[in-house]
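Structure first, then comments.
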Amino acid sequence: MQVANTSGAQTRPIRSFVRREGRITPAQRRAFALHWPRYGLDYTGQLRDLDQSFGRHAPRVLEIGFGNGEAMAASAAADAARDYLGIEVHRPGVGRLLNALAAANANNARIYSHDAVEVLRDELAASSLDEVRIWFPDPWHKKRHHKRRLIQPQFIALLSSRMAPGGLLHLATDWADYAAHMLAVLDAAPGWSNCVGAGMAAARPTWRSATRFEQRGLRLGHGVWDFLFRHQAD
(Lines give C-alpha, C1' and ligand atoms only; values in the text may rest on other atoms or scores of the structure.)
Protein backbone atom coordinates (compact mmCIF):
# COMPACT_ATOMS: atom_id res chain seq x y z
CA MET A 1 0.00 0.00 0.00
CA GLN A 2 1.50 3.29 -1.06
CA VAL A 3 0.85 6.87 -0.09
CA ALA A 4 -0.23 9.03 -3.02
CA ASN A 5 2.71 11.17 -4.11
CA THR A 6 2.42 14.19 -6.35
CA SER A 7 5.72 15.87 -5.49
CA GLY A 8 8.02 13.56 -7.42
CA ALA A 9 9.70 12.41 -4.20
CA GLN A 10 10.09 8.70 -3.47
CA THR A 11 7.08 7.22 -1.69
CA ARG A 12 7.23 5.04 1.41
CA PRO A 13 4.78 2.24 2.14
CA ILE A 14 2.37 2.72 5.01
CA ARG A 15 2.88 -0.28 7.27
CA SER A 16 -0.04 -1.85 9.07
CA PHE A 17 2.33 -3.12 11.76
CA VAL A 18 5.25 -2.09 13.93
CA ARG A 19 7.93 -4.66 14.67
CA ARG A 20 7.83 -5.09 18.44
CA GLU A 21 10.24 -7.90 19.11
CA GLY A 22 9.54 -8.20 22.81
CA ARG A 23 11.55 -10.78 24.69
CA ILE A 24 12.36 -13.85 22.68
CA THR A 25 13.11 -16.81 24.92
CA PRO A 26 16.02 -19.19 24.40
CA ALA A 27 13.53 -21.90 23.37
CA GLN A 28 11.99 -19.63 20.75
CA ARG A 29 15.43 -18.65 19.49
CA ARG A 30 16.39 -22.32 19.19
CA ALA A 31 13.15 -22.92 17.27
CA PHE A 32 14.41 -20.73 14.43
CA ALA A 33 17.68 -22.64 14.25
CA LEU A 34 16.08 -26.09 14.49
CA HIS A 35 12.69 -25.79 12.79
CA TRP A 36 12.79 -22.84 10.38
CA PRO A 37 14.40 -24.99 7.64
CA ARG A 38 11.35 -27.28 7.77
CA TYR A 39 8.51 -24.83 8.33
CA GLY A 40 9.86 -21.41 7.40
CA LEU A 41 9.55 -19.68 4.04
CA ASP A 42 12.01 -16.89 3.34
CA TYR A 43 10.66 -13.95 1.38
CA THR A 44 12.40 -13.74 -2.00
CA GLY A 45 10.14 -11.40 -3.97
CA GLN A 46 9.56 -14.16 -6.54
CA LEU A 47 6.44 -16.19 -7.23
CA ARG A 48 6.46 -19.28 -5.01
CA ASP A 49 5.44 -22.79 -5.99
CA LEU A 50 3.32 -23.74 -2.96
CA ASP A 51 2.88 -27.30 -4.23
CA GLN A 52 6.64 -27.67 -3.96
CA SER A 53 6.76 -25.96 -0.55
CA PHE A 54 4.12 -28.28 0.92
CA GLY A 55 5.01 -31.35 -1.10
CA ARG A 56 1.48 -31.74 -2.43
CA HIS A 57 -1.46 -29.94 -4.02
CA ALA A 58 -4.27 -29.19 -1.55
CA PRO A 59 -6.71 -26.42 -0.62
CA ARG A 60 -4.86 -23.64 1.20
CA VAL A 61 -5.73 -21.47 4.18
CA LEU A 62 -3.76 -18.28 4.89
CA GLU A 63 -3.74 -16.76 8.38
CA ILE A 64 -2.38 -13.22 8.51
CA GLY A 65 -1.07 -12.12 11.91
CA PHE A 66 -1.28 -15.45 13.75
CA GLY A 67 0.05 -14.05 17.05
CA ASN A 68 1.38 -16.86 19.20
CA GLY A 69 0.19 -19.45 16.68
CA GLU A 70 -2.15 -21.44 18.93
CA ALA A 71 -5.10 -21.21 16.56
CA MET A 72 -3.07 -22.05 13.49
CA ALA A 73 -1.39 -25.04 15.13
CA ALA A 74 -4.75 -26.38 16.28
CA SER A 75 -6.32 -25.86 12.86
CA ALA A 76 -3.49 -27.59 11.04
CA ALA A 77 -3.71 -30.56 13.41
CA ALA A 78 -7.48 -30.86 13.05
CA ASP A 79 -7.62 -30.33 9.28
CA ALA A 80 -4.96 -32.48 7.65
CA ALA A 81 -6.66 -32.31 4.25
CA ARG A 82 -5.78 -28.62 3.86
CA ASP A 83 -2.48 -26.75 3.96
CA TYR A 84 -2.00 -23.82 6.34
CA LEU A 85 0.17 -20.81 5.53
CA GLY A 86 0.83 -18.28 8.27
CA ILE A 87 2.30 -14.78 8.21
CA GLU A 88 3.51 -13.00 11.36
CA VAL A 89 6.18 -10.35 11.95
CA HIS A 90 6.43 -10.85 15.74
CA ARG A 91 9.35 -13.26 16.12
CA PRO A 92 8.52 -14.60 19.62
CA GLY A 93 5.13 -15.70 18.26
CA VAL A 94 6.79 -17.28 15.24
CA GLY A 95 9.17 -19.15 17.53
CA ARG A 96 6.28 -20.48 19.61
CA LEU A 97 4.47 -21.73 16.52
CA LEU A 98 7.62 -23.36 15.15
CA ASN A 99 7.98 -25.31 18.39
CA ALA A 100 4.30 -26.30 18.38
CA LEU A 101 4.41 -27.53 14.79
CA ALA A 102 7.58 -29.51 15.44
CA ALA A 103 6.10 -31.08 18.59
CA ALA A 104 3.08 -32.20 16.55
CA ASN A 105 5.25 -33.28 13.61
CA ALA A 106 2.91 -31.26 11.39
CA ASN A 107 3.33 -31.59 7.64
CA ASN A 108 0.68 -29.15 6.44
CA ALA A 109 1.91 -25.81 7.82
CA ARG A 110 4.43 -23.24 6.60
CA ILE A 111 5.34 -19.80 7.96
CA TYR A 112 6.48 -16.42 6.67
CA SER A 113 7.92 -13.85 9.05
CA HIS A 114 7.48 -10.90 6.72
CA ASP A 115 5.11 -8.14 5.61
CA ALA A 116 1.85 -9.79 4.50
CA VAL A 117 1.26 -7.22 1.75
CA GLU A 118 4.60 -8.00 0.13
CA VAL A 119 4.09 -11.75 0.45
CA LEU A 120 0.65 -11.53 -1.19
CA ARG A 121 1.86 -9.19 -3.89
CA ASP A 122 5.10 -10.91 -4.84
CA GLU A 123 5.02 -14.57 -3.81
CA LEU A 124 1.45 -15.90 -3.99
CA ALA A 125 -0.12 -16.77 -7.31
CA ALA A 126 -3.52 -15.68 -8.54
CA SER A 127 -6.41 -17.81 -7.23
CA SER A 128 -4.06 -19.74 -4.94
CA LEU A 129 -5.94 -19.27 -1.65
CA ASP A 130 -9.15 -21.00 -0.60
CA GLU A 131 -9.54 -19.23 2.73
CA VAL A 132 -7.96 -16.22 4.43
CA ARG A 133 -8.20 -15.53 8.15
CA ILE A 134 -7.40 -12.14 9.66
CA TRP A 135 -8.30 -12.29 13.33
CA PHE A 136 -7.93 -9.28 15.61
CA PRO A 137 -5.55 -7.19 13.49
CA ASP A 138 -4.08 -4.10 15.10
CA PRO A 139 -7.02 -1.63 15.28
CA TRP A 140 -4.81 1.46 15.20
CA HIS A 141 -7.52 3.05 17.30
CA LYS A 142 -6.32 6.68 17.13
CA LYS A 143 -8.00 8.44 14.23
CA ARG A 144 -4.72 9.75 12.83
CA HIS A 145 -3.50 6.15 12.57
CA HIS A 146 -6.54 4.70 10.78
CA LYS A 147 -4.63 4.82 7.49
CA ARG A 148 -2.38 2.09 8.94
CA ARG A 149 -5.21 -0.40 9.31
CA LEU A 150 -4.64 -3.51 7.23
CA ILE A 151 -8.22 -3.72 5.96
CA GLN A 152 -8.24 -1.06 3.25
CA PRO A 153 -9.65 -1.03 -0.31
CA GLN A 154 -6.19 -1.50 -1.85
CA PHE A 155 -5.45 -4.49 0.34
CA ILE A 156 -8.82 -6.14 -0.34
CA ALA A 157 -8.27 -5.67 -4.09
CA LEU A 158 -4.89 -7.41 -3.78
CA LEU A 159 -6.43 -10.17 -1.69
CA SER A 160 -9.21 -10.64 -4.24
CA SER A 161 -6.67 -11.38 -6.94
CA ARG A 162 -5.18 -14.18 -4.84
CA MET A 163 -8.48 -15.81 -3.80
CA ALA A 164 -9.91 -18.81 -5.59
CA PRO A 165 -13.51 -18.48 -6.77
CA GLY A 166 -15.76 -19.20 -3.82
CA GLY A 167 -12.92 -18.57 -1.36
CA LEU A 168 -13.77 -17.47 2.17
CA LEU A 169 -12.48 -14.36 3.95
CA HIS A 170 -12.91 -14.46 7.74
CA LEU A 171 -12.30 -11.25 9.69
CA ALA A 172 -12.65 -10.74 13.43
CA THR A 173 -12.18 -7.69 15.65
CA ASP A 174 -13.10 -6.48 19.12
CA TRP A 175 -13.13 -2.79 18.17
CA ALA A 176 -16.56 -1.49 17.17
CA ASP A 177 -15.28 1.26 14.89
CA TYR A 178 -12.91 -1.14 13.13
CA ALA A 179 -15.83 -3.55 12.68
CA ALA A 180 -17.78 -0.77 10.99
CA HIS A 181 -14.74 0.07 8.87
CA MET A 182 -14.31 -3.57 7.81
CA LEU A 183 -17.95 -3.78 6.75
CA ALA A 184 -17.75 -0.54 4.80
CA VAL A 185 -14.62 -1.64 2.93
CA LEU A 186 -15.94 -5.12 2.07
CA ASP A 187 -19.44 -3.91 1.16
CA ALA A 188 -17.87 -1.48 -1.33
CA ALA A 189 -15.39 -4.01 -2.75
CA PRO A 190 -16.44 -5.75 -5.97
CA GLY A 191 -16.57 -9.52 -6.02
CA TRP A 192 -17.44 -10.16 -2.36
CA SER A 193 -20.66 -11.36 -0.76
CA ASN A 194 -21.47 -11.29 2.96
CA CYS A 195 -22.31 -14.87 3.92
CA VAL A 196 -24.95 -13.87 6.49
CA GLY A 197 -26.44 -10.85 4.76
CA ALA A 198 -25.45 -7.29 3.92
CA GLY A 199 -24.27 -5.28 6.91
CA MET A 200 -24.39 -8.31 9.22
CA ALA A 201 -21.82 -9.85 11.55
CA ALA A 202 -21.68 -13.64 11.85
CA ALA A 203 -21.76 -15.76 14.97
CA ARG A 204 -18.27 -16.94 15.89
CA PRO A 205 -17.64 -20.06 13.76
CA THR A 206 -16.68 -23.22 15.60
CA TRP A 207 -13.25 -23.27 13.97
CA ARG A 208 -12.24 -19.98 15.63
CA SER A 209 -11.57 -20.68 19.28
CA ALA A 210 -11.94 -17.71 21.62
CA THR A 211 -8.62 -16.34 22.83
CA ARG A 212 -7.94 -15.64 26.50
CA PHE A 213 -7.84 -11.92 25.73
CA GLU A 214 -11.17 -12.20 23.94
CA GLN A 215 -12.75 -14.17 26.79
CA ARG A 216 -11.63 -11.53 29.28
CA GLY A 217 -13.11 -8.81 27.08
CA LEU A 218 -16.41 -10.66 26.83
CA ARG A 219 -16.57 -10.96 30.63
CA LEU A 220 -16.10 -7.20 30.78
CA GLY A 221 -18.90 -6.67 28.29
CA HIS A 222 -16.78 -5.91 25.24
CA GLY A 223 -18.09 -6.78 21.80
CA VAL A 224 -16.53 -9.15 19.27
CA TRP A 225 -17.47 -9.14 15.60
CA ASP A 226 -16.84 -11.90 13.06
CA PHE A 227 -17.36 -11.31 9.35
CA LEU A 228 -17.53 -14.00 6.69
CA PHE A 229 -17.28 -12.94 3.05
CA ARG A 230 -17.32 -15.23 0.05
CA HIS A 231 -15.30 -14.37 -3.05
CA GLN A 232 -17.38 -14.56 -6.20
CA ALA A 233 -16.21 -16.12 -9.45
CA ASP A 234 -15.38 -13.62 -12.19
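The values are calculated or read from the model by the stated rules, or taken from the named source; none is laboratory data. All values derive from a computational prediction rather than experimental measurement. All Cβ positions, glycine included, derive from the backbone under ideal geometry; neighbour counts span all protein chains shown.
GLY45 meets the conditions (1) outside any helix (DSSP H, G or I); (2) surrounded by 16 or more Cβ atoms within 10 Å (Cβ to Cβ); (3) out of contact with any strand residue (DSSP E or B) (no Cβ under 8 Å at 6 or more places or on another chain) in every case but one. The failed one is (2). Could you tell me whether ARG208 is touching a His at 6+ places or on another chain (Cβ under 9 Å), free of Cβ contacts under 8 Å to residues at least 24 places away in the same chain and within 17 Å of ALA71 (Cβ to Cβ)? For ARG208, the condition - touching a His at 6+ places or on another chain (Cβ under 9 Å), free of Cβ contacts under 8 Å to residues at least 24 places away in the same chain and within 17 Å of ALA71 (Cβ to Cβ) - is not met.
Rundown of residues vs (1) surrounded by 20 or more Cβ atoms within 10 Å (Cβ to Cβ); (2) closer than 26 Å to LEU183 by Cβ; (3) in contact with a strand residue (DSSP E or B) (Cβ under 7 Å, 6 or more places away or on another chain); (4) among the aliphatic types (A, V, I, L, M), yes/no style:
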{"residue": "ALA116", "(1), (2), (3), (4)": "yes, yes, yes, yes"}
{"residue": "VAL119", "(1), (2), (3), (4)": "yes, yes, yes, yes"}
{"residue": "ASP138", "(1), (2), (3), (4)": "no, yes, no, no"}
{"residue": "ILE156", "(1), (2), (3), (4)": "yes, yes, no, yes"}
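Considering only residues that are in a loop (DSSP other than H, G, I, E, B) and surrounded by 11 or more Cβ atoms within 10 Å (Cβ to Cβ), look in region 23-41 and name the one that is modelled with the lowest pLDDT. Selected residue: ILE24. For GLN52, the conditions (1) crowded, with 16+ Cβ neighbours inside 10 Å; (2) farther than 11 Å from TYR112 by Cα all hold with the exception of (1). Exactly one residue out of ALA164, ALA180 is at pLDDT 95 or above, surrounded by 13 or more Cβ atoms within 10 Å (Cβ to Cβ) and over 30 Å from LEU47 (Cα atoms): that is ALA180. Got a number for residues in region 55-70 being under 20 Å from VAL117 (Cα atoms), in contact with a strand residue (DSSP E or B) (Cβ under 6 Å, 6 or more places away or on another chain) and of a type outside the set (A, V, I, L, M, F, W, C)? Residues meeting the conditions: 2.
Against the conditions (1) modelled with pLDDT of 95 or more; (2) over 21 Å from the mean Cα position of the chain (by Cα); (3) in a helix (DSSP H, G or I); (4) of a type outside the set (S, T, N, Q), LEU97 satisfies every one except (2). For LEU120, the stated conditions do not hold, so it cannot be described as outside any loop (DSSP other than H, G, I, E, B), touching a residue at least 12 places away in the same chain (Cβ under 8 Å) and in contact with a His (Cβ under 9 Å, 6 or more places away or on another chain).
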